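Just below is one structure, and these are the notes that go with it.
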Amino acid sequence: MQRRRFLAFALGGLGASMAGCRGTQFGRVIKPGDTEMVGSHKAGGETYKPLVDEAVAKLLARHGPSPHTMASHTSPPIYPKRICFVCVENKTSEEMGDFKDQLYQHIDSRILESGVFQSVSKRYVDAGLSQVRIRPDQLFVPDNMRTFVAIMEQQGQPFDFLLYATVTSGTTQENKDYQRDYLLTLELVHVQSGQHDKQSAMISKGYHQSRLGRLFK
C-alpha cells in the first residue's frame, strides 16, 4: 500500500514538474573557468579534450629537438618534419557524432602549435585518399603507399610521417551503474623506414543511474 502511494506521489510530482517546465529550454555561454557540462550517457568534451592534450604533448615531447641540439650554435637549422594526419578511428561502444571531426581538428591544432611538426591540411589528405580510392588502413600496402605519396607530392604536400588516432573503450558493469575507460592512442609511422611510435592517454568515467530511474525500470 505504501509503495503504491509512493509511486502515485512520484508520478504526480513528475507530471507537475514536466507541465511546469514545458517550453523552457535555454542555453548559456560557458566562459573560461566555468564548470563545463559532463555527459550523462556518453563521453563529451570533458573526456576528449584532456585525452588529446596529454597524448599529443607526450608524443611530440619525444620527437622535439634535444636540449644539446637547441643549445648548439653550430648545428644546422632544424626544419619541422611533416605529418600526414590520416584519420580518427572510433572503436568505442559509443557513437561519437560531431566529436569525431572536432577531435581531428583539436589534435591537428596541437601539432601545429607545438612547432615540432608541420601537418598537411586535411583537405589535401581527403583529396589524395579520394583520388587513389583507398581507405586509410589500406595505406600499409606498399603499392597503395607509393601511389598516395606520389599524389601528395604532385599536390605540393610531401610528408615524412603518417599519423593515426584511435579511440577505444572498455566497460565495467556494477548492477545498473558502470565505469567506462576511454583510451586515445596516437600512432606515428615513418613513411620511409616503417618505424612507428605510439602514445596513449586514458580517462575513466563513471555513469550512475538515479534511484528514481531505477524504480521505473
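A short reminder: the numbers here are calculations on the coordinates, not readings from a lab. Owing to the predicted nature of the structure, the values given are computational and were not obtained by experimental measurement. Glycine also receives a Cβ, built like all others from the backbone with ideal geometry; neighbour counts cover every protein chain displayed.
Most simply put, region 81-215 has about 70% antiparallel DSSP beta bridges, counting only bridges with both residues inside it.
If R0 equals 25 Å, the separation of the Cβ atoms of HIS196 and MET96 corresponds to a calculated FRET efficiency of about 0.55. Per-residue Karplus couplings for region 183-196, computed as 6.51 cos²θ - 1.76 cosθ + 1.60 with θ equal to phi - 60°, are listed in order as 10, 9, 10, 9, 10, 10, 10, 6, 5, 6, 8, x, 5, 9 Hz, Gly and Pro entered as x. Here is the list for region 161-215: trypsin sites (Lys or Arg not before Pro) lying in DSSP coil, each with at most 15 other C-beta atoms within 10 angstrom of its C-beta, are LYS176. In a simple Cβ point-charge model (Lys, Arg +1; Asp, Glu -1; nothing else charged), region 81-215 has a dipole of about 200 debye relative to its Cα centre.
Calculated FRET efficiency, SER204 to LEU112, Cβ-Cβ distance, R0 = 25 Å: about 0.25 to the nearest 0.05.
Dividing the C-alpha radius of gyration of region 81-215 by 2.2 N^0.38 Å, with N its residue count, gives 1.29.
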